Amino acid sequence: MVSSEVLSVVVPQTLFGVGATGKLGELVRGFSPTKILIVTDPGVESAGLIDVVQTPLVAAGFKADVFARCGVEAPVTVIEELRQKIVSEKYDLLIGVGGGSTMDTTKAAGVLAADASLTVRDLIDGKPIGASIRKVMIPTTAGTGSEWSSAAVITLDTEDGRTYPYFTDKNYPDAVIIDPELTKNLPAKATAHTGMDALTHAIEAYTCCRASIVSDMFATTAIKLVAESLRPAFAKGGLNIEDRYNLSIAASAAMAAGSVAGVGVAHFLNVALGKKAQISHGSTVALLLPYVMEFNLVSNPAKFAEVATLLGEETCGLSLMDAARQSVVAVRRLLTDFGMPQTLSEVGVTEADIPELVDELMTYQSFPIAFMNPRDVSAKDATNIYLSAL
Ligand SMILES: [Fe+2]
């Protein structure tokens with residue numbers, strides 16, 4: 001599909017490979033840093049992954065300090081704490097090691113530390129951002145794809161407690177290492193949740209109204225890789241390094257697709273739902289995805305039928321709409337296989353919660369929904385999607 005707009009694809013310098021973290025010292029030497037800070041969370045640190053990162057740094061003659069205080073959904077209190085540390089101790093290279101929240105914390109602290117006049121509210125309000133402390137990202141999950149994104153999601157825990165995305169080219173890392181060795185011991189549940197987040201990015205980007213041949217090449221690759229590799233990685237990911245590798249590539253590719261084309265309603269419904277349901281981001285978007293796909297099917301049945309094929313469904317002999325519906329069946333099969341929740345009732349949401357969720361959605365998300373989703377969404381539509389998901 002030819003796009004009517006000029007598209008921009010930014011892919012940071014990325015080392016791919018099993019054991020690629022071993023090249024970190026050489027990579028860092030190219031930046032000639034004077035002081036390095038590894039940014040991570042307590043779980044990654046206790047899993048021993050920081051040792052894997054420190055070893056090649058030490059071998060290359062570098063010393064790196066560790067900030068292991070990142071939290072879920074990048075709270076502003078932690079971002080500001082990290083900013084102060086970067087500024088007061090004069091770090092000039094950050095190495096973000098973790099999942100999406102850690103990478104987003106690194107991004108936000110990096111731009112705030114580079115400009116003393118900048119506030120967190122400025123980021124959310126879209127104020128131009130001039131610089132960032134240089135940063136390398138090493139994801140330890142295969143899901144968010146934050147390493148290939150200009151976006152970061154931060155939580156205003158000091159104000160309304162909501163999560164907000166902001167976008168700037170200064171969020172792109174200076175380098176990325178995609179090393180499946182760092183994801184191979186991820187527990188089965190986290191593997192499924194993060195993998196389904198990547199799949200949701202890919203399906204929503206592939207079917208959204210801004211999709212193009214450029215975004216499609218990333219999205220279709222990601223859907224195919226998740227279809228091949230998420231089940232074996234869930235079952236015994238420590239042994240199936242090839243599947244871990246595929247999922248890591250899928251996560252980055254899915255985010256590249258989302259960066260070019262955007263995402264769909266599952267992600268925007270999730271923003272409203274996130275605090276209420278209190279489950280992981282991957283779990284909520286994946287829970288919502290089949291209901292959103294059912295709603296969006298009429299917008300482009302051919303593309304949903306292609307999703308079904310990429311996910312391994314047999315569609316020969318079916319009408320186009322029936323083939324498209326098989327894409328929903330395929331996503332539900334994955335959720336069933338992973339034991340993930342498939343209804344809002346399972347995650348503590350009741351019918352009485354829905355008016356507030358819809359109000360939140362229409363107040364804060366109506367612009368991106370209109371811009372990206374392939375079908376217009378009224379408040380009544382959103383209500384019906386939530387009701388169908390109960
Ligand atoms: Fe996501």
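Which one is surrounded by the most Cβ atoms within 10 Å (Cβ to Cβ) among residues in the stretch 183-217 that are closer than 22 Å to Gly237 by Cα and among the charged types (D, E, K, R)?
Only one residue fits best here, namely Asp197.
How about the stretch 151-217: which strands (runs of 3 or more DSSP E) wholly inside it have at least 3 residues that are outside the structural domain of Gly258 (by TED's automatic domain parsing) and more than 24 Å from Glu360 (Cα to Cα)? Explain how you work it out, then say what you get.
On the way: elements: 151-155, 163-167, 175-178.
Passing ranges, in order: 175-178.
Output the number of residues of the stretch 261-305 satisfying the condition of being closer than 19 Å to Val226 by Cβ, over 14 Å from the mean Cα position of the chain (by Cα), within 16 Å of the ligand (Cβ to nearest atom) and of a type in the set (A, V, I, L, M).
6
Residues of the stretch 127-161 being under 23 Å from Lys276 (Cα atoms) and within 16 Å of the ligand (Cβ to nearest atom), which ones? Steps first, please.
Step one: list which residues in the stretch 127-161 are under 23 Å from Lys276 (Cα atoms), which gives 143-144, 152-161.
Within the stretch 127-161, Gly143, Thr144, Ala152, Val153, Ile154, Thr155 meet the criteria.
Quick check, is Val331 in contact with a Pro (Cβ under 9 Å, 6 or more places away or on another chain), modelled with pLDDT of 95 or more and aliphatic (A, V, I, L, M)? Walk me through it before giving the result.
On the way: in contact with a Pro (Cβ under 9 Å, 6 or more places away or on another chain): yes; modelled with pLDDT of 95 or more: yes; aliphatic (A, V, I, L, M): yes.
So Val331 passes the test.
Could you run through the stretch 333-390 and say how many residues are touching a residue at least 40 places away in the same chain (Cβ under 8 Å) and of a type in the set (Lys, Arg)?
Final tally of qualifying residues: 1.
Residues checked against (1) surrounded by fewer than 24 Cβ atoms within 10 Å (Cβ to Cβ); (2) of a type outside the set (D, E, K, R):
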{"residue": "Lys107", "(1), (2)": "no, no"}
{"residue": "Ala116", "(1), (2)": "yes, yes"}
{"residue": "Pro128", "(1), (2)": "yes, yes"}
{"residue": "Ser150", "(1), (2)": "yes, yes"}
{"residue": "Tyr164", "(1), (2)": "yes, yes"}
{"residue": "Lys170", "(1), (2)": "yes, no"}
{"residue": "Ala175", "(1), (2)": "yes, yes"}
{"residue": "Glu181", "(1), (2)": "yes, no"}
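Here is a check on your reading of the model: is Gly25 modelled with pLDDT under 95 and more than 19 Å from Thr183 (Cβ to Cβ)? Give the derivation first.
On the way: modelled with pLDDT under 95: no; more than 19 Å from Thr183 (Cβ to Cβ): yes.
So Gly25 fails the test.
This table checks each residue for (1) buried (at least 17 other Cβ atoms within 10 Å of the Cβ); (2) farther than 28 Å from Gly258 by Cα.
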| site | (1), (2) |
| --- | --- |
| Ser8 | no, no |
| Gly19 | no, no |
| Val58 | no, yes |
| Cys70 | yes, no |
| Ile79 | yes, no |
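Taking the stretch 245-260 as the search range and keeping residues that are open to solvent by 20 Å² or more (accessible area, probe 1.4 Å) and not polar (S, T, N, Q), which one is nearest to the ligand (Cβ to nearest atom)? Walk me through how you get there before you give the answer.
Residues of the stretch 245-260 that are open to solvent by 20 Å² or more (accessible area, probe 1.4 Å), as a first pass: 245-246, 249, 255, 259.
Checking the rest, the ones that are also not polar (S, T, N, Q) come to 245, 249, 255.
Numbers: Tyr245: 21, Ile249: 17, Met255: 8 Å.
In this case the residue turns out to be Met255.
Output the residues belonging to the stretch 218-240 that are part of a helix (DSSP H, G or I) and open to solvent by less than 10 Å² (accessible area, probe 1.4 Å).
Of the stretch 218-240, the ones part of a helix (DSSP H, G or I) are 218-236.
Within the stretch 218-240, Ala219, Ala222, Ile223, Val226, Ser229, Leu230, Ala233 meet the criteria.
The values are calculated or read from the model by the stated rules, or taken from the named source; none is laboratory data. Just so it is clear, the structure is predicted and the values come from calculations on it, not from any experiment. Counting neighbours? That spans all protein chains shown, and the Cβs are built from the backbone with ideal geometry, glycine included. Heads up: the accessible areas ignore ligands, DNA and RNA and are worked out on the full protein's heavy atoms, side chains in. Shrake-Rupley method; radii C 1.70, N 1.55, O 1.52, S 1.80 Å.
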